[in-house]
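Undergrad: Here's a structure for you.
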């Protein structure tokens, strides 16, 4: 306890008969009790050491006799005991009130979180019939000459795979102003635009 109310008039009416050392000893003794929220030890010499008045044991003894009571090897001051009881009662009430507010806030937060979760589950719709998330279309990867050759082998019209790859590599794999998305479709378009006479001519590649 780092603070207590000090009534000057009340203190003066009860201590006006004390000499200077007794008055100082009394103040230091009750300050010690308030600060540590305990009584004083039974030994007068130990009390003198605690309040830094080692050479004034007689003054301390006089104060103990008048203002303190020895209970279970501890000197207690009725005034200090009363103030400490009030202080602890207020402290316990404040702690209980704070705990109640915290519990109420926590319960409200939990309820809001549960409500949000429930609403989210209620509004959830599957993205597909299989309840699997939709994924973006695979990113275009330019084919190798060997891949083009393998595909050309399955086609009725044969084209030069090296010429096809070189041509589109030079264009950055662009068709017009758009990035190529399907090189196999581009192969089929290349086939259609070949001249019947040559079979591998690069003429008339309309739209390429």
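The values are calculated or read from the model by the stated rules, or taken from the named source; none is laboratory data. Only a predicted model underlies this, so the values are computations on that prediction, with no experimental measurement involved. All Cβ positions, glycine included, derive from the backbone under ideal geometry; neighbour counts span all protein chains shown.
Undergrad: Looking only at segment 34-59, filter to residues that are in contact with a strand residue (DSSP E or B) (Cβ under 9 Å, 6 or more places away or on another chain) and part of a helix (DSSP H, G or I); which one of those is farthest from residue 15 (Cα to Cα)?
TA: Here the answer is 46.
Undergrad: I'd like the residue in segment 1-33 that is part of a loop (DSSP other than H, G, I, E, B) and at pLDDT 90 or above and, out of all such residues, is surrounded by the most Cβ atoms within 10 Å (Cβ to Cβ).
TA: Taking the candidates together, the pick is 18.
Undergrad: Take the conditions in the same structural domain as residue 32 (by TED's automatic domain parsing), within 30 Å of residue 10 (Cα to Cα) and surrounded by 10 or more Cβ atoms within 10 Å (Cβ to Cβ) and apply them to residue 78. Does it pass?
TA: yes
Undergrad: Would you check which residues across segment 161-180 are in a loop (DSSP other than H, G, I, E, B) and within 15 Å of residue 144 (Cα to Cα) and list them?
TA: Once the filter is applied, which keeps residues that are in a loop (DSSP other than H, G, I, E, B) and within 15 Å of residue 144 (Cα to Cα), segment 161-180 yields 172, 173, 180.
Undergrad: Hey, could you check segment 70-80 for residues that are in contact (Cβ under 8 Å) with a residue 12 or more places away in the chain and outside any loop (DSSP other than H, G, I, E, B) and say which is farthest from the chain's Cα centre (by Cα)?
TA: Of everything passing the filter in segment 70-80, 70 is farthest from the chain's Cα centre (by Cα).
Undergrad: Being in the same structural domain as residue 12 (by TED's automatic domain parsing), under 50 Å from the mean Cα position of the chain (by Cα) and surrounded by 13 or more Cβ atoms within 10 Å (Cβ to Cβ), is that true of even one residue in segment 52-69?
TA: No, the conditions are met nowhere in segment 52-69.
Undergrad: Still on this structure, I have one more. Are any of the residues in segment 87-99 over 18 Å from residue 1 (Cβ atoms) and outside any helix (DSSP H, G or I)?
TA: No, because not a single residue in segment 87-99 is over 18 Å from residue 1 (Cβ atoms) and outside any helix (DSSP H, G or I).
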